[in-house]
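S.K.: Okay, here's the structure, questions in a sec.
The values are calculated or read from the model by the stated rules, or taken from the named source; none is laboratory data. Note that the structure is a prediction, hence the values are computed from the model and not measured. Don't worry about glycine lacking a Cβ; one is built from the backbone with ideal geometry, like all the others, and counts go over all protein chains shown.
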Amino acid sequence: MSGYEFLTQKICMPITESIKGWPVSKYLKELEQSQWYSPAELREMQNEKLRGMVRHAYDTVEYYREVFDSLKLTPDDIKSIEDLPKLPILTKDQIRANFPDKMRSRDFDPAKLIIGKSSGSTGEPLKYYLTPREKGFKWACLYRWWRWTGYDFGRKYVNFTVIAQVAFRGIPLAEWLEKTISRALILQAKDMNAENVGDLVRQIQQFKPILIKGHPSTCYYMARYMADHDIKFEGVKAAICNGETLVPHVRDLIAEQYQCGVWDMYGSEGIETAAQCSPNSHHHVTAEAVVTEIVDREGNPVPSGTEGRLIVTALDKWAMPFIRYDTQDAATMSDEVCSCGRGLPLLSSVKGRIVDMGLSPSGKLLSVYAFTPLFAKQPGVDAWQVVQEAPALLSVKIKPAGSFDNATLAAVEREIKDYVGDDVEVTISLVDEIPFTPSGKRRFFISKCPYGVQ
């Protein structure tokens with residue numbers, strides 16, 4: 001263990017955990033042990049946690065009390081995972097319609113809860129509540145995944161992110177100390193473009209990380225630049241991709257230019273669901289944190305080996321329970337046993353979001369992640385869609401809500417122009433509806449001249 005690793009693991013992390021109330025180290029130690037439990041032991045752990053979560057949701061969350069009562073069910077009717085289909089599937093729209101008061105447990109003081117939100121890959125960030133202890137468990141799940149790649153605390157890593165994930169965000173000195181001691185280089189994915197990608201590559205080369213983490217589209221964009229300029233990283237041991245589907249040609253180019261293995265990790269709404277233990281393995285389900293179901297379009301369970309909708313039940317979300325939540329992604333369960341020896345269940349495939357990427361004439365990288373924060377802060381926008389008709393032409397559709405006005409319209413146009421630049425023409429139209437795809441999803445950014453991933 002190097003001096004930095006000792007400092008991070010033995011001093012920095014305990015201090016941070018004490019200040020924030022995030023018991024990461026405690027949970028990580030437990031997870032490092034439980035991953036080696038037998039499938040039967042893990043199943044019993046899940047059933048025990050599930051019974052406690054169902055009772056808690058019924059007793060303290062208005063939405064679930066109404067659901068149970070309407071079906072004439074009690075918590076005693078849900079004794080095991082096999083009983084979950086007695087309950088309806090929870091959708092994003094239902095959460096939004098009942099958030100916050102009817103979805104939040106009354107066991108907790110709202111002022112002491114953490115508000116999380118999804119990355120916005122679907123175009124509509126979903127808000128949810130966490131307790132500090134739940135935040136600690138979430139990070140413990142993530143760190144266990146990171147350790148599967150060979151990373152450990154105190155080693156250098158690069159994180160391409162939409163929102164910087166640091167414990168002391170907003171406190172400049174503490175944030176700087178955290179980044180320095182943890183040896184993290186945090187880069188904003190949305191700011192990458194043709195003009196600065198070379199500088200970012202050189203910055204990473206000088207930093208010499210052993211791990212690089214980001215969305216596949218971001219990592220691929222940089223890998224394309226590196227391939228075009230005959231550049232390869234040295235010393236990088238692993239790349240972690242999450243947030244989008246990692247398609248084969250994207251994985252291959254990242255592996256070639258970064259000269260390392262590429263791990264895929266999957267989560268939804270802060271529920272760390274599954275990850276690969278090696279670049280070529282199936283995805284291990286985080287059984288201590290989540291129950292996964294695979295169902296057909298009508299919500300009926302499908303046999304192992306059959307692709308279907310991925311439904312998850314969080315076993316650790318006490319502030320705001322997620323029971324039978326529809327991720328809107330597809331997956332396939334496997335009955336195989338991984339050669340690594342872990343008893344965690346396996347998903348043989350996880351098909352999350354495949355996002356379009358586009359380039360403006362000046363080389364600005366365009367994706368749903370760039371536009372989601374822009375629309376999220378505007379009042380009166382019920383739904384939206386941005387279509388790149390040509391490199392220099394964006395067509396924007398907005399479905400307005402009650403508070404939408406000319407000021408909002410002007411703000412949207414200004415924000416988009418500020419982001420894409422003066423070399424792109426932007427047209428905005430107000431519409432009554434934005435259609436869903438045949439799979440039931442809405443595409444918020446479409447590029448008719450896509451770059452790379454599609």
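S.K.: Among the residues of the stretch 83-93, are any more than 22 Å from Lys377 (Cα to Cα) and loosely packed, with under 13 Cβ neighbours inside 10 Å?
M.R.: To start, the set of residues in the stretch 83-93 that are more than 22 Å from Lys377 (Cα to Cα) comprises 83-91.
This time we only want the ones that are loosely packed, with under 13 Cβ neighbours inside 10 Å, so: 86.
Yes, some residue in the stretch 83-93 is more than 22 Å from Lys377 (Cα to Cα) and loosely packed, with under 13 Cβ neighbours inside 10 Å.
S.K.: Please find, within the stretch 333-363, the residue that is modelled with the lowest pLDDT out of those that are in contact with a Leu (Cβ under 7 Å, 6 or more places away or on another chain) and under 30 Å from Lys448 (Cα atoms).
M.R.: Met357
S.K.: Out of the residues in the stretch 80-121 that are of a type in the set (Asp, Glu) and free of Cβ contacts under 8 Å to residues at least 60 places away in the same chain, which is nearest to Ala287 (Cα to Cα)?
M.R.: Glu82
S.K.: Got at least one residue in the stretch 147-166 being basic (Lys, Arg), under 29 Å from Gln328 (Cα atoms), at pLDDT below 85 and not assigned by TED's automatic domain parsing to the domain that holds Phe371?
M.R.: Going through the stretch 147-166, the residues basic (Lys, Arg) turn out to be 147, 155-156.
From what's left, under 29 Å from Gln328 (Cα atoms): 147.
Next, from what is left, pick out any that are at pLDDT below 85: none.
The answer is no; no qualifying residue exists.
Residue by residue, here is whether (1) surrounded by 13 or more Cβ atoms within 10 Å (Cβ to Cβ); (2) within 25 Å of the chain's Cα centre (by Cα) holds:
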{"residue": "Ser2", "(1), (2)": "no, no"}
{"residue": "Glu5", "(1), (2)": "yes, no"}
{"residue": "Tyr58", "(1), (2)": "yes, no"}
{"residue": "Phe68", "(1), (2)": "yes, no"}
{"residue": "Thr74", "(1), (2)": "no, no"}
{"residue": "Asp77", "(1), (2)": "yes, no"}
{"residue": "Ala97", "(1), (2)": "no, yes"}
{"residue": "Lys102", "(1), (2)": "yes, yes"}
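S.K.: Among the candidates Leu7, Leu73, single out the residue that is over 28 Å from Arg297 (Cα atoms) and among the aliphatic types (A, V, I, L, M). Steps first, please.
M.R.: Values: Leu73 fails: over 28 Å from Arg297 (Cα atoms).
That would be Leu7, the only listed residue that is over 28 Å from Arg297 (Cα atoms) and among the aliphatic types (A, V, I, L, M).
S.K.: On to the next question. Taking the options Leu365, Leu346, name whichever one is out of contact with any helix residue (DSSP H, G or I) (no Cβ under 7 Å at 6 or more places or on another chain) and surrounded by 18 or more Cβ atoms within 10 Å (Cβ to Cβ).
M.R.: Leu346
S.K.: Within the stretch 282-307, take every residue that is part of a strand (DSSP E or B) and in contact with a Lys or Arg (Cβ under 8 Å, 6 or more places away or on another chain) and give me the one that is surrounded by the most Cβ atoms within 10 Å (Cβ to Cβ).
M.R.: Taking the candidates together, the pick is His284.
S.K.: Further question on the same structure: On the basis of being surrounded by fewer than 21 Cβ atoms within 10 Å (Cβ to Cβ) and on the phi < 0 side of the Ramachandran plot, does Gly267 make the cut?
M.R.: no
S.K.: Hey, another quick one. Within the stretch 225-261, count every residue that is more than 23 Å from Asp199 (Cβ to Cβ), surrounded by 21 or more Cβ atoms within 10 Å (Cβ to Cβ) and in contact (Cβ under 8 Å) with a residue 40 or more places away in the chain.
M.R.: 3
S.K.: Also, quick follow-up: Looking at the stretch 314-338, I want the residues that are farther than 15 Å from Glu269 by Cβ and have a partner that is assigned to a strand (DSSP E or B) and small (Gly, Ala, Ser) with Cβ atoms under 6 Å, at least 6 apart or on another chain. Which pairs are those?
M.R.: If the second residue must be assigned to a strand (DSSP E or B) and small (Gly, Ala, Ser), the pairs left are Thr332/Ser348; Thr332/Ser349; Ser334/Ser348.
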